[in-house]
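To start, the structure under review is shown below, and the notes come after it.
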């Protein structure tokens, strides 16, 4: 399967379990990888058949900025669901990093991968 990716998408949002975190905005970073058939776009050099990663990035940014959650796990799940629902992808991998959350670490976070039903069906055939 072909992959389209967005790397290092940084967003300021309210995220965290501690009371002091609920009153501030913190930077989180998304690395996104989508399963998408690039052949139709490439065959005709046709942008209308390509996955619009600019629109996808804007949608993820707006969502993360507007939704307050406590856990990076929750944000990753919500963003994966958003992408699968609103873009014609077969799968999505979301790596969400919260920089400076732990002293002496560049960042902490989660990575999840989710699939559409048609992708799961194709894999089982």
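The values are calculated or read from the model by the stated rules, or taken from the named source; none is laboratory data. Computed from a predicted model, the values in this text were never measured in an experiment. Ideal geometry is used to build each Cβ from the backbone, glycine not excepted, and the neighbour counts take in all protein chains shown.
At-a-glance table
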item: Selection count where residues are surrounded by fewer than 17 Cβ atoms within 10 Å (Cβ to Cβ), free of Cβ contacts under 8 Å to residues at least 60 places away in the same chain and in contact with a strand residue (DSSP E or B) (Cβ under 8 Å, 6 or more places away or on another chain), scope region 10-28; result: 4
item: Candidate set: region 90-125, residues that are within 21 Å of residue 38 (Cβ to Cβ) and in a loop (DSSP other than H, G, I, E, B); chosen: the one modelled with the highest pLDDT; result: 90
item: In region 52-67, residue nearest to the chain's Cα centre (by Cα) [restricted to those that are surrounded by 14 or more Cβ atoms within 10 Å (Cβ to Cβ) and within 23 Å of residue 25 (Cα to Cα)]; result: 60
item: Residue in region 79-89 that is surrounded by 15 or more Cβ atoms within 10 Å (Cβ to Cβ), modelled with pLDDT of 95 or more, more than 19 Å from residue 36 (Cβ to Cβ) and touching a strand residue (DSSP E or B) at 6+ places or on another chain (Cβ under 6 Å) present; result: no
item: Residues being over 18 Å from residue 4 (Cα atoms) and not in a helix (DSSP H, G or I) - total across region 32-76; result: 5
